[in-house]
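A.B. asks: Input: one structure, supplied below.
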């Protein structure tokens, strides 16, 4: 349980206590049908950074230092999940920034895609493979245990290699698929970032929950770390041990990771 | 007005959970003659006037770029809809 000194709902009216982290600006994109943009922005603030709302129809990334594509049902999942959002005006800038190295010489933009955001990243060809309907066809919502398989990305540096975390999972099109050659390549290059532990909730190939691009700046995962960041409003469990109801905050590490990587 | 039809199917090696669910349901309504079902998508692109070679090329590009995801799906048909196929349909 949060102690009496911890407000039940964190007061985020003031900038984060660490000025360097607070100076890092993380853009959170809202598409038509996005659900979890406010949660992702709140996660950034709780981690000590500054969240910047980005609108899908804009072409300006507002000089943000990183971008989060949050979960939801962009364009109602019409056609395929993420397929239409991938062509939204803001995505041209996101794709250009994410692949900047080699073209402009600047360091590539860190991008995190969560759930529907992960689907947008595969549709954008920033990440290989794709998501299809869960093998059991049902929408599934549960606290899900994951193993951090690669803590070398800008989004996972706060975790230990092989560390386990528990964050909520909630989706219907969560089955990660790719051909065997691509899967072997991802494994060989250490690009499987998160793997389901104990239970594969959707039939994903090789229990893959999240992957990254070759540079490690683009990470996508199906479960929702932004829903496990604040005591009282998080997951019902934690890989670190028993916690009170809604007190699991194992997801916060992703957001702290990118802030620390940015100010390093 | 002409219509171009684009058919998209899940790749053979991709498990099609929706097709499987339909296959499981068929015997329950007394239709047991089928060994399997795969579910795809059909798009109809309407063209003002004649479907030129240029507009057909655009349809093929649309099929590859937006209407299908080459990781999980194949475009199995891009063709001008024959009159006989449109007969009886409201326009």
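A.B. asks: Which whole number gives the average, over all residues in B:5-16, of C-beta atoms from other chains lying within 10 Å of the residue C-beta?
C.D. replies: Values: counts 0, 0, 0, 2, 0, 2, 2, 0, 3, 5, 6, 2.
Mean shielding by partner chains, rounded to a whole number: 2.
A.B. asks: Another question, if that's okay. Please average, across the residues of A:132-138, the number of beta carbons from any other chain that are within 10 Å of each residue's own beta carbon, and give a whole number. Please report the intermediate quantities before stating the final value.
C.D. replies: On the way: counts 10, 5, 1, 3, 2, 4, 1.
Taking the mean over all residues of the peptide, I get 4.
A.B. asks: Further question: Using only atoms on other chains, find how many Cβ atoms lie within 10 Å of each Cβ of peptide A:167-179 and report the average. All intermediate terms of the calculation are to be shown ahead of the outcome.
C.D. replies: Values: counts 0, 0, 0, 0, 0, 0, 1, 0, 3, 0, 7, 2, 5.
Taking the mean over all residues of the peptide, I get 1.
A.B. asks: Right, here's the next one. Working from the pairwise distances between different alpha carbons, so that the mean of 1/r is found and then inverted, what is chain A's Kirkwood radius in Å?
C.D. replies: Working: mean 1/r = 0.0551 Å⁻¹.
One over the average 1/r among Cα pairs gives 18.2 Å for chain A.
A.B. asks: Assuming R0 = 41 Å, can you tell me the calculated FRET efficiency for the pair residue B:18 and residue A:62, based on Cβ-Cβ distance, to the nearest 0.05?
C.D. replies: Values: r = 40 Å, r/R0 = 0.98.
Computed FRET efficiency for residue B:18 and residue A:62: 0.55.
A.B. asks: May I pose another question? Highest mean first, what order results for A:184-191, B:1-8 on Cβ atoms within 10 Å? Display every interim value, and only then the final one.
C.D. replies: Details: A:184-191: 14.8, B:1-8: 17.6.
In decreasing order of mean packing, A:184-191, B:1-8 become B:1-8, A:184-191.
A.B. asks: What translational diffusion coefficient, to the nearest whole µm²/s, does region A:21-77 have by Stokes-Einstein, given a Kirkwood radius computed over alpha-carbon pairs, a temperature of 4 °C and 1.567 mPa s viscosity? List each step's numbers first, then the result.
C.D. replies: Values: Rh = 11.3 Å.
So the translational diffusion coefficient is about 114 µm²/s.
A.B. asks: Once the convex hull of the alpha carbons of region B:2-86 is built, what does its volume come to per residue, in cubic angstrom? Don't skip to the end; give the middle numbers.
C.D. replies: Details: hull volume 9.6 nm³, N = 85.
It comes to 112 Å³ per residue, whole-number rounded.
A.B. asks: Rounded to the nearest whole Å³, what is the per residue volume of the convex hull around the Cα atoms of region A:80-175? Don't skip to the answer; put the middle values down first.
C.D. replies: Details: hull volume 11.0 nm³, N = 96.
Residue-normalised Cα hull volume stands at 114 Å³.
A.B. asks: Quick one: if you stick a label point 7 Å off each Cα along the C-beta vector at residue A:10 and residue B:1, how many nm between them?
C.D. replies: 5.5
No value in this document is a laboratory result; all are computed from the given coordinates. The structure presented is a predicted model; accordingly, all values stated were derived computationally and were not measured. Every residue, glycine among them, receives a Cβ derived from its backbone with ideal geometry; neighbour counts consider all protein chains shown.
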